1. Condition first: surrounded by 15 or more Cβ atoms within 10 Å (Cβ to Cβ) and closer than 17 Å to residue 213 by Cβ. Now tell me which residues in the range 128-148 satisfy that.
2. Select from the range 105-114 the residues that are more than 27 Å from residue 418 (Cβ to Cβ) and surrounded by 24 or more Cβ atoms within 10 Å (Cβ to Cβ) and list them in ascending order.
3. Could you list, in sequence order, the residues of the range 75-98 that are over 17 Å from the mean Cα position of the chain (by Cα) and either part of a helix (DSSP H, G or I) or aromatic (Phe, Trp, Tyr) (or both)?
4. Taking the range 380-391 on its own, how many of its residues are aliphatic (A, V, I, L, M) and out of contact with any Gly (no Cβ under 6 Å at 6 or more places or on another chain)?
5. Do we find that residue 192 is within 16 Å of ligand 1 (Cβ to nearest atom) and without any contact (Cβ under 8 Å) to a residue 12 or more places away in the chain in this structure?
6. Quick check on the range 123-130. Is at least one of its residues within 26 Å of the chain's Cα centre (by Cα) and in a loop (DSSP other than H, G, I, E, B)?
7. Among the residues of the range 443-452, is any free of Cβ contacts under 8 Å to residues at least 60 places away in the same chain and open to solvent by 30 Å² or more (accessible area, probe 1.4 Å)?
8. Looking at the range 143-156 only, could you name the residues that are over 22 Å from residue 68 (Cα atoms) and touching a Leu at 6+ places or on another chain (Cβ under 7 Å)?
Amino acid sequence: MLHVLAAAVFLGSNLLSCCFYCLCEGFVIPFSTSSKLPLDSSKAVVADRTRTREELLQAARDGFRAAFGAPPDPQHEYAAWAPGRVNLIGEHTDYNGGFVLPCALERGTVVLAAGRLVRADAADAGRVRVASMDCRGGDGMLTFAALPEELGPGEESWGNYVRGAIAQYLGDVPEGRALALDMFIVGSLPLGGGLSSSASLTTAVATLVEAVLEGEGWQAPEDARVKARRCRRAEHDFLGTPCGIMDQFASALCPPGHAILLDCASETFEPVPLDDGAVTLVITDSRVTHSLGQRGSQYPVRVAQCAAAARAVGADSLRSAELPALEQEAKRGGMSEVELARARHVVTENERCVNFADALRKRDYDAAGAAMLESHASLRDNYEVSAPELDKLVELAAATDGVYGSRLTGAGFGGCTVTLAQTDAVPALVRRLRRGYKEAFGLDCACFATRAGGGARVLLRPRP
Ligand code: ADP
Ligand code: MG
């Protein structure tokens, strides 16, 4: 109980410090409750001045000690990291068998654990205890049994990401053995903010469990996509979220300093370099979500409209459909104008995605930025998933010197925009976004700058 109280005090003090930072006018305000900013705002806008991985790891050590009463035994101490992601282009193409182009963020999730395999008849066989700095369990932590016959979804939804990720590896535990894990989780992403904190959490846990199994002689599959697919299955089976492959692929597989061009039909991907210090990504949260666009209502409608358009031209999906054939079919009355507009977005967005990747490879940021602006216009006019707030943020960004392009990112109807800008232009861009958005809507947007981070990795293993 003492440990739980200590953890509560620790969590409380972190929340207080975050509130202080969030209230500071003039900074690039982080979304995350656990973010810390330096007092020099000009630096904060150039680098992502949220806590670094090392700072998160230190926070996880402090949290672990508070929650479990002692640090992990060094012989069984593991830590893993997995990032969130932002999709640079290729929106609403995934469920149409098309291309997406996400990159890993410098923000993500660290999991610190005392982990080992024990005999299946040991008192702690299969015992998992997990606490998070961002979410509370019933009495400060969640406890469950990671045993094949017993592990299923539980009450706490955040715990289900952890349960789901661990469940994917129970088949890899050697006969007669069981996992025993104490874990503490610390993240720097907004939860539910469209930057995929869920895939970041699931992938960090999967990476950690892989490290524990490797410590006992297990070999991870050579194809790292296996981990990404397992993490997606965790969300499908334990949360009931029918997500595509993008989030988990980006979090698990993005090489440092690269985005990935991901073919959602074949699940193959190519790294695309994005490591030029002269350019920076700025993510801006509109802080609105329009109920009209709740995925529950509009998302299935868009899926059905795309399927109808593909069917009308005899294609399995819009990936293989061509615009002239779609237009001709619409003229003949084979599909509605609305269905044609949806299809036009998907077909042209796939082209833009491939062109954007080419432009990045050539460091032709003007071309890349133009594709982003076209993507936004198409999402607004053809796919009708934008919102006045997002349009305003894109318009403000596009009118700023040194900005190449900007667009809504994610499903739409609110959420975030992503902007590609010259690094030098970022402070002026952020000032303009904040001022212009406030003037137009009376709302504060939240911005942060980031470069392409790397995918999941093990941060700590016991020394041999
Ligand atoms: P997004 O992935 O866009 O952030 P989701 O709704 O898919 O939004 O996932 C957010 C959920 O993931 C949170 O509500 C929480 O259940 C879980 N989660 C993410 N990060 C953490 C964390 N650090 N600690 C506990 N739960 C987390
Ligand atoms: Mg998610």
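The values are calculated or read from the model by the stated rules, or taken from the named source; none is laboratory data. Just so it is clear, the model here is predicted, and its values are computed rather than measured. Note that we place each Cβ from the backbone using ideal geometry, even for glycine, and neighbour counts take in every protein chain shown. What goes into the accessible areas is simple: the full protein's heavy atoms, side chains included, and nothing from ligands, DNA or RNA. Shrake-Rupley method; radii C 1.70, N 1.55, O 1.52, S 1.80 Å.
1. Passing the criteria: 128, 146, 147.
2. 112, 113
3. Answer for the range 75-98, where residues must be over 17 Å from the mean Cα position of the chain (by Cα) and either part of a helix (DSSP H, G or I) or aromatic (Phe, Trp, Tyr) (or both): 75, 76, 78, 95, 96.
4. Of the residues in that region, 1 qualify.
5. On the way: within 16 Å of ligand 1 (Cβ to nearest atom): yes; without any contact (Cβ under 8 Å) to a residue 12 or more places away in the chain: yes.
Taking the combined requirement at face value, the residue satisfies it.
6. Within the range 123-130, not a single residue is within 26 Å of the chain's Cα centre (by Cα) and in a loop (DSSP other than H, G, I, E, B).
7. no
8. Once the filter is applied, which keeps residues that are over 22 Å from residue 68 (Cα atoms) and touching a Leu at 6+ places or on another chain (Cβ under 7 Å), the range 143-156 yields 148, 151.
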